[in-house]
Amino acid sequence: MSLFSAVEMAPRDPILGLNEQFAADSNPNKVNLGVGVYFDENGKLPLLQCVQAAEKAMMDKPAARGYLPIDGIAAYDNAVKGLVFGADSEPVKSGRVATVQALGGTGGLKIGADFLKRLSPSAKVLISDPSWENHRALFTQAGFEVGTYTYYDAAKRGVDFDGMLASLQAAAPGTIAVLHACCHNPTGYDITPAQWDRVIEVVKARGLTPFLDMAYQGFGHGIAEDGAVIAKFVAAGLVFFVSTSFSKSFSLYGERVGALSVLCADKAEADRVLSQLKIMVRTNYSNPPIHGGAVVAAVLTNPELRALWEKELGEMRVRIKAMRQQLVDGLKAAGVKQDMGFITDQIGMFSYSGLTKDQMVRLRNEFGVYGTDTGRMCVAALNGKNIGHVCQSIAAVL
Ligand code: PMP
């Protein structure tokens, strides 16, 4: 008998588990559309030029690596505030945003969840139905009961907006509503600016706590356009949480660069909230790593590098849109009769294809095309070389 004799084998992570299966697949035509990662036209993970330039400047002046402050690099936190709220915005100028550097967007969500659990132990959490798989797991592990609000309408192929409003309206005051700021994962369907206004009205009237997850800023319509929802929440006079991820927008997945920002009522409140967020960080991993945060801070604060980043991010966004169109055209050319035009209505890295679990399993086993069992495919991993095989394969299982 060991201490661990009764430990059960946990199920594989639904998304990262696919990567393991993909790596082991010997099919020469295999295509990984499972995980949310952007690959360039050559099927390569890009190393952005702005990142390389920032790293070169850092290497030219090698620096020793002391501990960072618990909340991370000050210039980084300020740059995040500027990006999320606007450098000249009232919340930033009045000092009522508390921001901590975090280990990716996941780390930002987790620090926020841990803080919220202490603040409102009996609150419930609502995530969209469906949502990024880790939202439920992460808030559940933080001790919350997690439910869903209506979001996707499979028959209509879009958002069941009345359903969404009704679910939020039915939520108890104090409920934490996790909202995708842009590029909804997994469906690819966002609500319109006018619909955000209605959501904000309900959030305000019901006294819900908004937690905006911003993992794809810049992949939808543009950096400012995708971030515009934040100003709406500010204008409504709400206090709220925002997690930021630079994994995709800087192609820095493995550096774990993200943040949590909490908009408070005033500076004194933000100072107190920050002091509590720091305890969450300190008792989890003490302080964040330097490299990724230093790179992002260098790029965001240098006008030339920032312009280069915006250009490179813009190119990723445009290439994904082109791939969506090629997917629609390619499926038609491969003989698919049903209208697949919905793929270009979707935005961001993913397409919710509407394929069943059985069809997704066949795609994987027979054709080496990997998406999630829920039918989600990462269109940001398509390119001119693999799209033909993907279209033929989908046509064969439909
Ligand atoms: N939120 C959503 C909606 C995501 O899709 C992801 C990444 N897949 C994250 C958060 C986490 O991002 P990171 O990899 O930076 O932790």
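Consider only pairs whose beta carbons are under 8 Å apart and that are at least six residues apart or on different chains; among these, list those whose first residue lies in segment 261-280 and is assigned to a helix (DSSP H, G or I) and whose second residue is of a type in the set (Gly, Ala, Ser). Listed by first residue and then by second, the contacts come to Lys267/Ser94; Lys267/Gly95; Ala270/Gly95; Ala270/Ala98; Asp271/Ala98; Val273/Ala98; Leu274/Ala98; Leu277/Ala98. Just to be sure before I move on: is Gln101 under 25 Å from the mean Cα position of the chain (by Cα) and in a strand (DSSP E or B) in the structure I sent? Against the criterion (under 25 Å from the mean Cα position of the chain (by Cα) and in a strand (DSSP E or B)), Gln101 qualifies. Restricting the first member to segment 330-359 and to residues that are over 22 Å from Thr192 (Cβ atoms), and the second to residues that are of a type in the set (Asp, Glu) and away from the ligand (no atom under 16 Å from the Cβ), the beta-carbon pairs closer than 6 Å and six or more apart or on different chains are Lys357/Asp373.
The set of residues in segment 188-238 being in contact with a Ser or Thr (Cβ under 8 Å, 6 or more places away or on another chain) and closer than 20 Å to Ala166 by Cα consists of Arg206, Leu208, Thr209, Phe211, Leu212. The condition (being hydrophobic (A, V, I, L, M, F, W, C) and touching a Gly at 6+ places or on another chain (Cβ under 9 Å)) is satisfied by just one residue among Ile200, Ile223: Ile223. When we screen Ala228, Ala215, Ala224 for residues that are under 21 Å from the mean Cα position of the chain (by Cα) and touching a residue at least 60 places away in the same chain (Cβ under 8 Å), the only hit is Ala215. For segment 58-76, a residue qualifies if it is surrounded by 12 or more Cβ atoms within 10 Å (Cβ to Cβ) and part of a helix (DSSP H, G or I), and the qualifying residues are Met58, Ala74, Ala75, Tyr76. Looking at Asp162, is it more than 15 Å from the ligand (Cβ to nearest atom), surrounded by fewer than 18 Cβ atoms within 10 Å (Cβ to Cβ) and closer than 25 Å to His221 by Cα? Yes; evaluated as a whole, the condition is true for this residue.
When the residues of segment 89-98 are filtered to those that are touching a Leu at 6+ places or on another chain (Cβ under 7 Å) and not in a strand (DSSP E or B), the one that is farthest from Thr187 (Cα to Cα) is Arg96.
Has segment 11-19 got at least one residue that is farther than 18 Å from Gly292 by Cα and at pLDDT 95 or above? First the steps, then the outcome.
So the first thing to find is which residues in segment 11-19 are farther than 18 Å from Gly292 by Cα, and the list is 11-19.
So of that shortlist, the ones also at pLDDT 95 or above come out as none.
Among the residues of segment 11-19, not one is farther than 18 Å from Gly292 by Cα and at pLDDT 95 or above, which makes the answer no.
When each of Thr301, Thr283 is tested for being farther than 29 Å from Val37 by Cβ, more than 22 Å from the chain's Cα centre (by Cα), polar (S, T, N, Q) and surrounded by fewer than 16 Cβ atoms within 10 Å (Cβ to Cβ), the lone residue that passes is Thr283. For Thr187, the conditions (1) under 17 Å from Ser261 (Cβ atoms); (2) buried (at least 21 other Cβ atoms within 10 Å of the Cβ); (3) within 12 Å of the ligand (Cβ to nearest atom) are fulfilled apart from (1).
For the condition charged (D, E, K, R), farther than 23 Å from Leu308 by Cβ and either surrounded by fewer than 18 Cβ atoms within 10 Å (Cβ to Cβ) or more than 22 Å from the chain's Cα centre (by Cα) (or both), what is the one hit in Glu8, Glu55, Glu41? Working first, answer last.
Working: Glu55 fails: farther than 23 Å from Leu308 by Cβ; Glu41 fails: farther than 23 Å from Leu308 by Cβ.
Selected residue: Glu8, the only one of Glu8, Glu55, Glu41 that is charged (D, E, K, R), farther than 23 Å from Leu308 by Cβ and either surrounded by fewer than 18 Cβ atoms within 10 Å (Cβ to Cβ) or more than 22 Å from the chain's Cα centre (by Cα) (or both).
Flag set for Ala142, criterion: surrounded by fewer than 21 Cβ atoms within 10 Å (Cβ to Cβ) and within 15 Å of the ligand (Cβ to nearest atom). Scanning segment 59-90 for residues that are closer than 27 Å to Phe144 by Cβ and under 23 Å from the mean Cα position of the chain (by Cα) turns up Asp71, Gly72, Asp77, Val80, Lys81, Val84, Phe85. Note on segment 113-137: among residues that are closer than 22 Å to Tyr189 by Cβ and either among the acidic types (Asp, Glu) or not in a strand (DSSP E or B) (or both), the one that is nearest to the ligand (Cβ to nearest atom) is Trp132.
The values are calculated or read from the model by the stated rules, or taken from the named source; none is laboratory data. Model, not experiment: these values are computed from the prediction. Neighbour counts are summed over all protein chains in view; Cβ atoms, including those assigned to glycine, are modelled from backbone coordinates with ideal geometry.
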